[in-house]
Amino acid sequence: MDDSYLREFEAEVVEASENLVVLDQTAFHPVGGGLPSDTGFLIGAGGVRARVEDVYKDRETGKVVHVLDRSTFRAGDRVRGVLNWERRYRVMRMHTALHILIAVLNSRYGVLVTGNKVGVERSRVDVNLERPDRRLVMEAIEEANKIAARGVDLKIYYLPREEAMKIPGIVKLAKALPPAVERLRIVEIPGVDIQADGGPHVANTSEVGRIVFLKLENKGRNNRRIHFTLEP
């Protein structure tokens, strides 16, 4: 939540059941909010390691559960977590690119997001455009690339929910609101975008690279799906 660039960390296993473990702290981002989970390894005493294949947040307890490729650790074990950094960094770039593109679409055309999915190789965002206008989307992507190239530093901070919800444009989802918690994590691209958001981002927009349009789909009345990738 505070340092998207943390690649390794030390932790203690507090719960273990077969190939599922819960740690006292983690840098692995769980699947959710349109983002995939991190992958990587947990390494224990003597170099014993298990691959982290998936990470999710338990809906009932809120605990972050790490799904391993085998049953290895027990409660009380000390481990070192190592993220698959190439994958994580690619997702960070995609995520920031998504925020910039959404900001442009919202400010230019007043559209809201109806769904999104960030991937490693390609991503998509659904918006409530009235018609599948490829020219409009291409213009928005061109503007988003100009913004990314400026090299704007992102700001990440926390605000009381009541205060945050008063900020214009803080919510760009058509049918959703931020979680009902006292403090919201705010991701701001100064002069471009501000959103309540819980995922990892790059520190500067220049790290995004170039957003490349892939295709535009009609997903029903007033719902268009924009597919894109990044170069390099």
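Taken together, the values in this text are just the output of simple stated rules run on the coordinates, not laboratory data. Remember, predicted model here, so these are calculated numbers, not experimental data. Here Cβ is always computed from backbone atoms with ideal geometry, including for glycine, and neighbour counts include all displayed protein chains.
Can you pull out the GluC sites (Glu not before Pro) in region 1-60 whose DSSP state is coil and whose Cβ has at most 13 other Cβ atoms within 10 Å?
Sparse-neighbourhood loop GluC sites (Glu not before Pro): 18, 60.
Which Cα, out of 37, 205, 55, lies furthest along the positive dipole direction of the chain (beta carbon charges, K/R +1, D/E -1)?
It is 205.
Just how large is the dipole of the chain about the Cα centre, in debye to the nearest 20, putting +1 at every Lys and Arg Cβ and -1 at every Asp and Glu Cβ?
I would put it at about 880 debye.
Between residue 25 and residue 219, 0.36 nm times their residue separation minus their Cα-Cα distance comes to what?
65.9 nm
Considering just Cα atoms, how many Å³ per residue does the convex hull of region 135-190 enclose?
95 Å³
Rounded if a/c is under 1.5, else prolate if a/b beats b/c, else oblate: with a ≥ b ≥ c from the C-alpha gyration tensor eigenvalues square-rooted, which is region 88-231?
Oblate, because a/c is 1.5 or more while a/b does not exceed b/c.
What number, rounded to the nearest 500 deg cm²/dmol, is the helix-based mean residue ellipticity at 222 nm of the chain, given -39500 (n - 2.57) per DSSP H run of at least four residues and division by all its residues?
-6500 deg cm²/dmol
Which angle from 0 to 90°, rounded to the nearest 10, does the C-alpha axis of helix 134-149 make with the longest principal axis of the chain?
Around 60 degrees separate the two axes.
Between region 87-123 and region 160-232, what's the alpha-carbon centroid distance in Å?
6 Å
Specify the angular offset, from 0 to 90 degrees and rounded to the nearest 10, of the alpha carbon long axis of helix 85-109 from the longest principal axis of the alpha carbons in the chain.
Helix 85-109 and the main axis of the chain meet at about 30 degrees.
How many lysine pairs in the chain, separated by 8 or more positions in sequence or lying on different chains, have Cα atoms less than 21 Å apart?
Taking the Cα cut-off of 21 Å, the pair count is 12.
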